[in-house]
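Student: Okay, here's the structure, questions in a sec.
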Amino acid sequence: MKTKEKILETARVLFNTHGISSISSKSIAEEMGISYGNLCYHFPKKDDIILQLYLNMQQNVEQQFKNIKEEVINLEFMLSRLKILFEEIYKYKFIYLGITKVVRHFDHIKKHAQDQFDQRWNILDTISGFLIANGYMKAFKDEKQKDMLIHALLMVSNSWISDAEVFYKGKDDEKIDYYMQVFFNLVRPTLTEKGLEGFKTVYEKSLS
C-alpha cells in the first residue's frame, strides 16, 4: 500500500472505532508512525480524508448496485450479491453513523448523495420490472405502491447501521446477516411462488 492508501485505511479504521469527532489528523499520523507533515502532504486537512473515504465508499457501493442489476437474470445470485453490498457499507460505518453531520458539512457531498440515491432508485426500479416480467414478483397495484417499496429498501440500506448501533442485540458476527434478512423480508410479500423459491434458497443460506 502507498502512503496515501495507508492513511485512508488507518483513518477508516479509527473513524469506525472512535467516530469522526474523536480522531484528528495528528492521531492518524501517530497511529501510522509517520510525521504530521507527511500526512498533511497527502491530505492537508482531516476534511480531505473524510471526503476521499466518502467518495471511495460511494464508488464501491455504486459498483455493487450495478452488479446486482447486471445479475438480475439469476435471482439467487443477485440476492446473494446483497451480502457483499451490506459488507461494503459496514466497512464505512462511520459515514452512515454521522451522515447528517457529513452532509451538512460538505454541500457537494449532499448533492452527490442525492444523485446516488436517484441512481439506486432507478436500478431497483429496473430490477423490479424484470422480476415482474419474468414471473418472480407480483405486479404492483399502482406506482405509489412500487415507489414506497423502493424507498423502504433504500432506507434500510442507508440506515441499518445506525439501527444496529443502538437496537441490535444479537451476536456481532451475525449483524450483517440479520439486516440482510430485514431487507429480504420487505421484498418477500411481493414475490410469486417462483420468486419465493429463489428467495427461500438465499434466505436460508443467510441463516446458516
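The values are calculated or read from the model by the stated rules, or taken from the named source; none is laboratory data. In this text the structure is predicted, and so the values were computed from the model without any measurement. Note that each Cβ is placed from the backbone with ideal geometry, even for glycine, and that neighbours are counted across all protein chains shown. Ligands, DNA and RNA are stripped out before the accessible areas are found, and what is left, the full protein with its side chains, is counted by its heavy atoms. Shrake-Rupley method; radii C 1.70, N 1.55, O 1.52, S 1.80 Å.
Student: Taking into account only those residues within the stretch 110-124 that are out of contact with any Leu (no Cβ under 9 Å at 6 or more places or on another chain) and of a type in the set (A, V, I, L, M, F, W, C), which is farthest from L153 (Cα to Cα)?
Tutor: Start the filter on the stretch 110-124 by keeping residues that are out of contact with any Leu (no Cβ under 9 Å at 6 or more places or on another chain), which leaves 110-111, 113-116, 118-119, 122-123.
Within this subset, residues satisfying the condition of being of a type in the set (A, V, I, L, M, F, W, C) are 113, 123.
Numbers: A113: 16, I123: 12 Å.
Ranking the candidates gives A113 first.
Student: Mind counting the residues in the stretch 159-193 that are β-branched (V, I, T) and in contact with a Lys or Arg (Cβ under 8 Å, 6 or more places away or on another chain)? Break it down stepwise before answering.
Tutor: Taking the stretch 159-193 and keeping what is β-branched (V, I, T), we get 161, 166, 176, 182, 187, 190, 192.
Next cut, in contact with a Lys or Arg (Cβ under 8 Å, 6 or more places away or on another chain) only: 161, 176, 190, 192.
Of the residues in the stretch 159-193, 4 are β-branched (V, I, T) and in contact with a Lys or Arg (Cβ under 8 Å, 6 or more places away or on another chain).
Student: In the stretch 165-183, which residues are surrounded by fewer than 17 Cβ atoms within 10 Å (Cβ to Cβ) and under 19 Å from L124 (Cβ atoms)?
Tutor: Q181, V182
Student: Tell me, yes or no, whether the stretch 127-134 has at least one residue that is of a type in the set (V, I, T) and closer than 19 Å to Q52 by Cα. Spell out the reasoning first.
Tutor: Applying the first criterion (of a type in the set (V, I, T)) to the stretch 127-134 yields 127, 132.
If we keep only those that are closer than 19 Å to Q52 by Cα as well, we get none.
Within the stretch 127-134, not a single residue is of a type in the set (V, I, T) and closer than 19 Å to Q52 by Cα.
Student: Only residues in the stretch 172-184 that are among the acidic types (D, E) count as the first member; pair them with residues that are crowded, with 17+ Cβ neighbours inside 10 Å, Cβ under 6 angstrom, at least 6 apart or cross-chain, and list the lot.
Tutor: D177/S206
Student: Tell me, yes or no, whether the stretch 148-164 has at least one residue that is at pLDDT 95 or above, open to solvent by 80 Å² or more (accessible area, probe 1.4 Å) and either hydroxyl-bearing (S, T, Y) or not in a helix (DSSP H, G or I) (or both).
Tutor: No, there is no match, as no residue in the stretch 148-164 is at pLDDT 95 or above, open to solvent by 80 Å² or more (accessible area, probe 1.4 Å) and either hydroxyl-bearing (S, T, Y) or not in a helix (DSSP H, G or I) (or both).
Student: Taking the condition at pLDDT below 90, closer than 18 Å to K69 by Cα and open to solvent by less than 30 Å² (accessible area, probe 1.4 Å), does M137 pass? If you could, list the steps in order and put the result at the bottom.
Tutor: On the way: at pLDDT below 90: no; closer than 18 Å to K69 by Cα: yes; open to solvent by less than 30 Å² (accessible area, probe 1.4 Å): yes.
No: the conditions fail for M137.
Student: Residues of the stretch 184-207 being open to solvent by less than 20 Å² (accessible area, probe 1.4 Å) and either aromatic (F, W, Y) or at pLDDT below 90 (or both), which ones?
Tutor: Of the residues in the stretch 184-207, the ones open to solvent by less than 20 Å² (accessible area, probe 1.4 Å) are 184, 191, 195, 198-199, 202, 206.
Once the filter is applied, which keeps residues that are open to solvent by less than 20 Å² (accessible area, probe 1.4 Å) and either aromatic (F, W, Y) or at pLDDT below 90 (or both), the stretch 184-207 yields F184, G195, G198, F199, V202, S206.
Student: Could you tell me whether any residue of the stretch 68-75 is open to solvent by 20 Å² or more (accessible area, probe 1.4 Å) and at pLDDT 95 or above? Walk me through how you get there before you give the answer.
Tutor: Keep residues of the stretch 68-75 that are open to solvent by 20 Å² or more (accessible area, probe 1.4 Å), which gives 69-71, 73-74.
Checking the rest, the ones that are also at pLDDT 95 or above come to none.
Scanning the stretch 68-75 turns up no residue that is open to solvent by 20 Å² or more (accessible area, probe 1.4 Å) and at pLDDT 95 or above.
Let's see how each residue does on (1) buried (at least 19 other Cβ atoms within 10 Å of the Cβ); (2) part of a helix (DSSP H, G or I); (3) among the hydroxyl-bearing types (S, T, Y):
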| position | (1), (2), (3) |
| --- | --- |
| V13 | no, yes, no |
| I49 | yes, yes, no |
| Q58 | no, yes, no |
| L85 | yes, yes, no |
| T100 | no, yes, yes |
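Student: Using the structure shown, decide if Y90 is crowded, with 19+ Cβ neighbours inside 10 Å, closer than 17 Å to E9 by Cα and within 12 Å of the chain's Cα centre (by Cα). First the steps, then the outcome.
Tutor: Numbers: crowded, with 19+ Cβ neighbours inside 10 Å: no; closer than 17 Å to E9 by Cα: yes; within 12 Å of the chain's Cα centre (by Cα): yes.
When the stated conditions are applied, Y90 does not pass them.
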